[in-house]
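Worksheet: one structure, shown below.
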Amino acid sequence: NMADLQASLSGIVPFIAYFITAIVMLLIFMKIYTVMTPHDEMALIKENNVAASVVFSAAFLGFSLPLASAAANSVSIIDFIIWGIIACAAQLVVYQVFRRFFPKVTDRIKGGEMAISTNLAAISLTVGLLNAACITY
């Protein structure tokens, strides 16, 4: 009936606001991540470097997990943005800490080494999952 349809559609404006905000935050994260890393992820991926693709994809997913949790649990769009910024910072810190333990990670990713790339990818996803769980309040 019409009342059910109106009730369903009443959430469309918040959906659009959160979805657009999430996409913008994803794009900003991608830009910051690619600027922060010494290697050019897009160029390496275009050259079919699987190691670079795995690491970049995992960082993207690792950020998306807490972003999704923040969208589901936030009390307002501002709250969502704040937790998105926190999630972004956490994911960027993961890469920086990893570089301290593996200072040649960039050269190894450029060289297509999958062992280190898979390890970094797993850590990025793990931190993203933990971050997402911690945003549930």
(message) Please go through the range 97-118 and give me each residue that is in a helix (DSSP H, G or I) and surrounded by fewer than 16 Cβ atoms within 10 Å (Cβ to Cβ), ordered by number.
(response) Val97, Arg100, Phe101, Thr106, Asp107, Met114, Ala115, Thr118
(message) Among the listed residues Asn48, Asn73, identify the single one that is at positive phi and surrounded by fewer than 17 Cβ atoms within 10 Å (Cβ to Cβ).
(response) Asn48
(message) Quick test for you: out of Leu67, Leu61, pick the one residue that is within 28 Å of Asp107 (Cβ to Cβ) and among the aliphatic types (A, V, I, L, M).
(response) Leu61
(message) Cβ-Cβ under 6 Å, sequence separation 6+ or interchain: first residue in the range 7-19 and at pLDDT 90 or above and assigned to a helix (DSSP H, G or I), partner surrounded by 10 or more Cβ atoms within 10 Å (Cβ to Cβ) and hydrophobic (A, V, I, L, M, F, W, C). Which pairs?
(response) Ala17/Ile77; Tyr18/Ala71
(message) Just to be sure I understand, how many residues within the range 119-133 are in contact (Cβ under 8 Å) with a residue 40 or more places away in the chain, over 11 Å from Leu65 (Cα atoms) and surrounded by fewer than 18 Cβ atoms within 10 Å (Cβ to Cβ)?
(response) 1
(request) Within the range 54-63, identify whether any single residue is farther than 18 Å from Gly112 by Cβ and either in contact with a Cys (Cβ under 8 Å, 6 or more places away or on another chain) or open to solvent by less than 40 Å² (accessible area, probe 1.4 Å) (or both), and answer yes or no. (result) yes
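The values are calculated or read from the model by the stated rules, or taken from the named source; none is laboratory data. Note that the coordinates shown come from a computational prediction; the quantities given were computed from them, not determined experimentally. Positions of Cβ are generated from backbone atoms using ideal geometry, with glycine treated the same way; all protein chains shown enter the neighbour counts. Just the protein is used for accessible areas: all its heavy atoms, side chains included, with ligands, DNA and RNA removed. Shrake-Rupley method; radii C 1.70, N 1.55, O 1.52, S 1.80 Å.
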